[in-house]
Structure formats: C-alpha cells, structure tokens
C-alpha cells in the first residue's frame, strides 16, 4: 500500500508540474507574439522636444503650414527690458515684445516656444533656421536686411547718446568722444555705429556688454563716459530707476538721434508666408489700437 501511495503522489506531482510548465509556455508564447504597438505606453510631453531625425517631414508644406500643423511657433529673443524680461514674481517672460509675439501666436492658432539667447546670436539662429522668428527690440537696418527679412516696423525709435548729467556739457558733439569710453551692447546698432566712428578716425575706447542694463549701470558709476543705446529703452530705464542720466538733445531741445529706425520682427528669407501673416497681424494691431495700448502699458510708464 505504501508503494502505491508513493506512486500516486508522484503522478499527481507530475501532473501539477506539467500544468505549470504548460501555463508558462503559453504565457511566453503570448508575450512573444504580442505586437509592441498594442502595449500601453506612457504619454510624453513633446512641447520642448525636437522632431525625431527619423520622422518624415512633408516637404510640400510651407513654413507657415508646418508651424500650424505642429501647433508651435519657435521664437528667439534676448532680454531687453521692458521689451522682454522675466517678471520677478511669476518668473514668466513678459514685456512689450512678448505681448506682440503672443498676439501673433494667438492669431495663428499656435503656442509659442521661447528660445532666449544673447542678442548677437539671434540672426545666426534664424539663418540656421533654429527658430521661426526673432523679436527683441531689434532695429531694421540694411546690414541685417542682407541676412534676414523683416516685418513692417511695429514701433519707431532711434539710437541716442547717454551720459551722466554732470558731464553732458563736456560732450557737445561726436568729435568730443575722442579718447572717451563708450559702452555698447554686442551685436546691437550702437556697436556698429561706434565702430564706424572709429573707422572714421575718432579714437573711441569701445566697451562691449552682453546686455544694455549692465552698460547703463556702469555709466551710472562712471566706468564708461557714454553709452550708445535705444531711445525707448533708455527712457524706460531713467523712469524706472529714477535716474538722472542725460539723453543728448539738439539745439532746439529735441532728442538728438544718431539714427532713427523702426523695430521689426525677423524671419528667414524663405519664410515669406509667415512674414505676410505677421505683417497682416501687425497692421490689424495698429488699426484696432492694440499697439497704442501696449505702448501706454510698457513704454510710457515703468512696468509694475
């Protein structure tokens, strides 16, 4: 009886083992035969991801159609308060230009991906088509128009000369800058103008800055004698910081512009369809008074 019992127990154990083995084989078979596409995947946030190099792009799409299809407008900018700056409380990008770009994106029905960089890098990034457009209180100049295409001016301003109030009488003309330190922002119109003066034989001591604010702060403490800067940007700085910096005027008391230009939005020369839409939107903004409201908000009073 004991041997029969043992034989029976062995047979039962074998059946159990065979059942488990068969179940395992079935499971492995199911897994190996399942398609990867049918497995659930985690959702990904693609807002800040570049398209995969393996992803085929419809080359028949225009740049504007591509932007609308992707739902994303990539905008290059550089910090130039009050046109672009980070709100100290919300930490979000804000300012005159930011509102214009946001309005353009809204009209196109897309979102914005902001790409902040040094001012001097904006046009190279646009030429390499790393961004769709740039907006950064940028002057429309012939030199820049040789590289990229600009929108119609969305605001007009100009280059001015700024000094400390107590030294204004010592500098009556450009020739009086000989031997003096002049602060300029790298890649900006002020730098180009200063280098032209040097080429004309006026020996300036050129001091270059990555941003305008540093140049004006250095002017306040006398590290430079003069700064070449945008009129509107300088005016906002004086109002906001309650500064007594002096903007040079002509004999009639008007602003002595070294050059007068408009600010424009730049796009790659191949992106004419986007440029046409930008110009249409800017024109509508002027006609509806939208641009005037932005001017009063950002330029006639210090940002809050």
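Since every read-out is calculated from the coordinates, none of them should be taken as a lab result. What you see is a predicted model; the values in this text were computed from it and never measured. All Cβ positions, even for glycine, are placed from backbone atoms using ideal geometry, and neighbour counts span all protein chains on display.
As a proxy for reagent exposure, ranking 298, 114 by other Cβ atoms within 10 Å from fewest up yields 114, 298. For region 157-261, the share of DSSP beta bridges that are antiparallel, to the nearest 5, is 60%. For region 51-148, a/c is not less than 1.5, where a ≥ b ≥ c are the root eigenvalues of the C-alpha gyration tensor, and a/b does not top b/c. That puts it in the oblate class. Maximal additional length on extending the residue 60-residue 120 stretch stands at 18.4 nm, based on 0.36 nm per residue less the C-alpha distance.
Fully extending the segment from residue 169 to residue 273 would add 32.4 nm, taking 0.36 nm per residue of separation and subtracting the current Cα-Cα distance. The separation of region 78-111 from region 139-191, counted between C-alpha centres, amounts to 24 Å. Could you tell me which of rounded, prolate or oblate describes region 157-261, using a ≥ b ≥ c as the square roots of the eigenvalues of the alpha-carbon gyration tensor, with rounded for a/c under 1.5 and, failing that, prolate when a/b is larger than b/c and oblate otherwise? Rounded.
Apply 1/(1 + (r/R0)^6) to the Cβ-Cβ distance of residue 200 and residue 147, taking R0 = 25 Å, and write down the FRET efficiency to the nearest 0.05. My answer for the efficiency is 0.55. In region 109-182, the ratio of gyration radius to Kirkwood radius, Rg to Rh, stands at 1.12 when only Cα atoms are counted. Averaged over residues, the count of other Cβ atoms within 10 Å places the peptides 172-178, 224-230, 64-70 in the sequence 224-230, 64-70, 172-178, highest first. Taking 0.36 nm per residue of separation and subtracting the current Cα-Cα distance, fully stretching the chain between residue 260 and residue 210 would add 15.7 nm. In terms of its C-alpha gyration tensor, region 166-223 comes out oblate, because a/c is 1.5 or above while a/b does not outweigh b/c.
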